[in-house]
Amino acid sequence: MIALPYLCPKNIHLDAKIKVAAVSYLNTKPLLYGIEKDETLAGQMELLLDYPSNLAKSLQQGTIDMALMPVAAMPFVPGARIVSDYGIASDGNVASVCIFSQVPIERVESVYLDYQSRSSVRLAKLLLEKYWNKNVVLRPAPENYIEYINDTTAGVIIGDRALQQRTNFEYVYDLAEAWEKLTGHPFIFAAWIANKDLPADFLAAFNKANAIGLNHIDEIVAAHPFPYYDLKEYYTENIKYELTPERKKGLEQFLEMIAE
Ligand SMILES: C=C(O[C@@H]1C=C(C(=O)O)C=C[C@H]1O)C(=O)O
């Protein structure tokens, strides 16, 4: 039989770009710096931005191929695997993942859970129970929920909005710091995750490109004026980008604890 390569559906897919989705917050800018500048990668992939809970949904639904996905969603995405050495982590004191409250945690009776998050809301539930020993009402958050954080109702807020809210509340409880106190481990919030095999050469180039921005932090800070928080401190002290063995131990423990 004569092979007709131009009719083979496989060849059509050769032209399809790999759909990669990243977190749309400031915390991800250093990882994207090198990726966006790399012309070879740009030719191979399409970059989309969204908030974390939507990234998990898109990977689960198969509308994207790879995402900087919240690790708490891993058990719900069949075939999910970490495909890079970079992600969004913290060794304690992440600054942008906190429970915000106008009363001390001892008096909190209910907590709104940020609809944009998967990892931090799961972490908050775990910490309220095991670190603060509290039994509170957990509330799904409407879009404008920050307005309703008052009195004995607290709220988990993540990302840029959390950095903006730090001076608006009497009490700010950092969840990576509480996790570190509870377990002695760092915390990984999100990692580059795929649920299918992707070309090894693409993944290798993608991995390398992640590291480039980490050597250009001053330039990235200058390109993103942000009056609410010192981004240099955020990128160098609060967020940790390398998925080191020590940080992966924290991830392993988190996944074990949420599976219980
Ligand atoms: C530190 C952060 O890490 C994140 C928190 C996530 C989550 O809670 O699901 C997911 C991705 C990261 O953006 C943050 O957003 O502030």
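The values are calculated or read from the model by the stated rules, or taken from the named source; none is laboratory data. This is a predicted model, so every value here is computed, not measured. Backbone-built Cβ (ideal geometry, glycine too); neighbour counts: all protein chains shown. Each accessible area value is taken on the protein alone, full model and side chains, heavy atoms only, with ligands, DNA and RNA left out. Shrake-Rupley method; radii C 1.70, N 1.55, O 1.52, S 1.80 Å.
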**Item:** Conditions (1) modelled with pLDDT of 95 or more; (2) more than 10 Å from the ligand (Cβ to nearest atom); number of the one not met by Ala42
**Value:** (1)
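From the list Ala67, Ala124, Ala141, pick out the single residue that is within 14 Å of the ligand (Cβ to nearest atom) and assigned by TED's automatic domain parsing to the domain that holds Asp230.
Numbers: Ala124 fails: assigned by TED's automatic domain parsing to the domain that holds Asp230; Ala141 fails: assigned by TED's automatic domain parsing to the domain that holds Asp230.
The conditions single out Ala67.
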**Message:** Quick check on this structure: which one of Gly159, Gly213, Gly155 is within 30 Å of Leu41 (Cβ to Cβ) and assigned by TED's automatic domain parsing to the domain that holds Val108?
**Reply:** Gly159
**Complete:** The number of residues in segment 96-110 that are within 14 Å of the ligand (Cβ to nearest atom) and either among the acidic types (Asp, Glu) or part of a strand (DSSP E or B) (or both) is 4
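Which one of these is open to solvent by less than 50 Å² (accessible area, probe 1.4 Å), of a type in the set (A, V, I, L, M, F, W, C) and in a helix (DSSP H, G or I): Ala222, Ala190, Ala176, Ala154? Don't jump to the end; show me each part of the working.
Numbers: Ala222 fails: open to solvent by less than 50 Å² (accessible area, probe 1.4 Å); Ala190 fails: in a helix (DSSP H, G or I); Ala154 fails: in a helix (DSSP H, G or I).
Going through Ala222, Ala190, Ala176, Ala154 in turn, just one is open to solvent by less than 50 Å² (accessible area, probe 1.4 Å), of a type in the set (A, V, I, L, M, F, W, C) and in a helix (DSSP H, G or I): Ala176.
Considering each of Lys196, Lys240 in turn, give the residue that is more than 16 Å from the ligand (Cβ to nearest atom) and open to solvent by 10 Å² or more (accessible area, probe 1.4 Å). Show your work before the answer.
Values: Lys240 fails: more than 16 Å from the ligand (Cβ to nearest atom).
That would be Lys196, the only listed residue that is more than 16 Å from the ligand (Cβ to nearest atom) and open to solvent by 10 Å² or more (accessible area, probe 1.4 Å).
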**Fill in**
Restricted to segment 107-132 and to residues being in contact (Cβ under 8 Å) with a residue 12 or more places away in the chain and among the acidic types (Asp, Glu), the residue surrounded by the most Cβ atoms within 10 Å (Cβ to Cβ) is Asp114
